[in-house]
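Here the structure comes first, spelled out in structure tokens, and everything after it is commentary.
The values are calculated or read from the model by the stated rules, or taken from the named source; none is laboratory data. All values reported here derive from a predicted model rather than from experimental measurement. In this analysis, Cβ positions are derived from the backbone assuming ideal geometry, glycine residues included, and neighbour counts consider all displayed protein chains.
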There are 2 protein chains.
Amino acid sequence: MDEHPGLDLAHSFLIAAEELSFRRTAERLGIDQSALSRRIAKLERQLGFQLFERTTRQVVLTPAGRSFYEAGAPLLAGYDRAVATARRVAQGKTGLLRVAYMAFAAIELMPRVVKRFRAANPAVELALRYLPTQEQKIALSEGEIDLGFMIGPFEHSDFDSRQLASDPLHVFMPRGHPLSTRRTVAPRDLAGEDLLLGDMAEWEAYRRHLGEKFARAGVPVTPRQEASSTMALLGLVAAGFGITVYPRQLTGLIGTTIVSRPIADPAFHIETVLVRRRIDRAASVRRFIDCALDTVRAAPAEGKKRDAH
Amino acid sequence: MDEHPGLDLAHSFLIAAEELSFRRTAERLGIDQSALSRRIAKLERQLGFQLFERTTRQVVLTPAGRSFYEAGAPLLAGYDRAVATARRVAQGKTGLLRVAYMAFAAIELMPRVVKRFRAANPAVELALRYLPTQEQKIALSEGEIDLGFMIGPFEHSDFDSRQLASDPLHVFMPRGHPLSTRRTVAPRDLAGEDLLLGDMAEWEAYRRHLGEKFARAGVPVTPRQEASSTMALLGLVAAGFGITVYPRQLTGLIGTTIVSRPIADPAFHIETVLVRRRIDRAASVRRFIDCALDTVRAAPAEGKKRDAH
DNA sequence: CTTTATTGATGTACCTTGTGCATCAATCGT
DNA sequence: ACGATTGATGCACAAGGTACATCAATAAAG
């Protein structure tokens, strides 16, 4: 790619090619006829070929000029469209918003926010993508995504993090499990239980959080088996391999083979935050965040608490 | 269409959007970093929205900037292609050549020239169009065609006319016609014959020429019937309605129901000329003319004379 | 934690560039 | 033959963009 010879003069040429009169063209452009005459001459010099055959009485396009006009007119029209589109994007009225979410948010929170946002901003295309919390942070910093629903808290000078929910953790166990006779479960009741969790590759953030909470509660737990997905986890629980700890929302999705009980400890909550790059001031990103905050403010999911711990 | 805000700065922006570094971009553009900084700032001011989010340590595209880049990059690449294409057209290496031809040229001359030109200039698209001589003159002056095979001579200050051929006229008559016993026919032999010609709307030029020639030969003739096309004319001749006068080339195309005899008078030739607008200096037009001259010079059709009258 | 180097932004002086005005030669219409 | 209109050109001026020097911010190195 060279440097686009005469690009700045192309507009003058296109008008002239339509008018076929230097005076009328100059008038349309709001400049002197002599200025236009020089513009065209300069453009022809830069391009290296004649655009017009001109006498003092008539101006006609050369074949090369006709070719240049026919190819150039749609290009400049396309430029205007590109500007208009980009302007709409700047105003957040359209564009592409790349949103990532982790497993917990996928159950209820993310779909609700997305549904509301789509209704309010139909012109904004949403690219949803499942990513674990840790990978979201990388993806955010590398500009691969614009927003991420992730496990909080997340404090970093480069990122802006807004808490959307703080969900109580439940114990999920097979029907008939000894603990299922209780209405609530204390952390220390879980000592000695076989704890099943997602594998480290994808569930790193959650496992760190959970490990810390059990440590603070003075309950030593080590997961006995790992699953790669939420469904696999539930399958293992249903099959009697052990129990798991998961945010409350999952309760609504399970059948009768698995029962859940709240963990009666205010520390056993998990925060969901919505994170963006602080440098990214895109209007559509702001709109999405506002929409998310409105969503949880307007109708917080049952059992959710507004503030953590 | 406004006036394409910031079009001249778009190139700098595209490079910057690729480099994501003002210093490297400035280096690539061969300007000072400060100049680039102002260019981008000016472009953003003209467009009315931010293209980059920048700190002193990193430069990232805003969503609007990304949109503008994605739409703009192919546009400027398209501009370069448009310039390259137009340049090839200017050099006559490609482009569209609109050539018109009248009925006589369609028989043999035009196909031979076109075949030769196509072989030598495969990249030039030819738009062939049948037009009577008179209409070709209008079409040429209005720029609807670039070249015309027409009945000559044609002298005009706006046009450049080159004679390609001077073809002897023959008399075409039904088999068994009294004149068919002769080897040649004199103009005065045609006095009293029923002369069939094409109608005035399309055959004006030829009829003027022919009328003039008969007048000079002192033979009064008035066409008895008109036909709208060459085939219709031949049909009428074959049906015994009369005779017609036509250039020699037609001889090769007729069957045995019609016979032809040369008119033994040097005035009874018809010139075919190739005409272009004098102001049109397009290389491809010149090439076509050269090719046409080469064609008739290399292998003049049998019976053709180099000079008229 | 201090130092160093690199980033993009900005003040300044200079000079290239494009502009309007006036005028010219060519040409069409009357 | 004349006036009117076309595009081209000489000229002086003003605007605009440029390089240079420097600044504040920040990441990397010690």
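The figures follow:
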| item | result |
| --- | --- |
| Residue selected from region B:43-65 under the condition within 11 Å of DNA strand D (Cβ to nearest atom), modelled with pLDDT of 90 or more and under 21 Å from A:I279 (Cα atoms), by the criterion nearest to the other protein chains (Cβ to nearest Cβ) | B:L43 |
| Residue satisfying all of: in region A:50-74; surrounded by fewer than 19 Cβ atoms within 10 Å (Cβ to Cβ) and within 49 Å of the chain's Cα centre (by Cα); nearest to DNA strand C (Cβ to nearest atom) among these | A:A73 |
| Unique residue being on the phi < 0 side of the Ramachandran plot, within 10 Å of DNA strand C (Cβ to nearest atom) and of a type in the set (A, V, I, L, M, F, W, C) when the list is A:L7, A:L47, A:L14, A:L36 | A:L36 |
| Exclusive hit being surrounded by 16 or more Cβ atoms within 10 Å (Cβ to Cβ), touching a residue at least 40 places away in the same chain (Cβ under 8 Å) and touching a Lys or Arg at 6+ places or on another chain (Cβ under 8 Å), set B:D158, B:D146 | B:D146 |
| Selection within region A:19-42 - more than 9 Å from DNA strand D (Cβ to nearest atom), surrounded by fewer than 18 Cβ atoms within 10 Å (Cβ to Cβ) and closer than 29 Å to B:K93 by Cβ | A:K42 |
| Near pairs, Cβ below 6 angstrom, 6+ apart or cross-chain, from region A:258-286 (within 12 Å of another protein chain (Cβ to nearest Cβ)) to any residue that is part of a loop (DSSP other than H, G, I, E, B) and surrounded by fewer than 19 Cβ atoms within 10 Å (Cβ to Cβ) | A:R278/A:D158; A:A283/A:Q91 |
| Tabulated pairs, region B:4-32, first within 10 Å of chain A (Cβ to nearest Cβ), second part of a loop (DSSP other than H, G, I, E, B), C-beta under 7 angstrom, 6+ apart or interchain | B:H11/A:E3; B:H11/A:H4 |
| Number of positions in region A:66-95 that are hydroxyl-bearing (S, T, Y) and more than 7 Å from chain B (Cβ to nearest Cβ) | 2 |
| Residue match in region A:130-139 (condition: buried (at least 16 other Cβ atoms within 10 Å of the Cβ), within 30 Å of A:G255 (Cα to Cα) and free of Cβ contacts under 8 Å to residues at least 60 places away in the same chain) | yes |
| Scope region B:100-149; condition within 25 Å of B:V245 (Cα to Cα) and part of a strand (DSSP E or B); matching residues | B:A100, B:Y101, B:R129, B:Y130, B:G148, B:F149 |
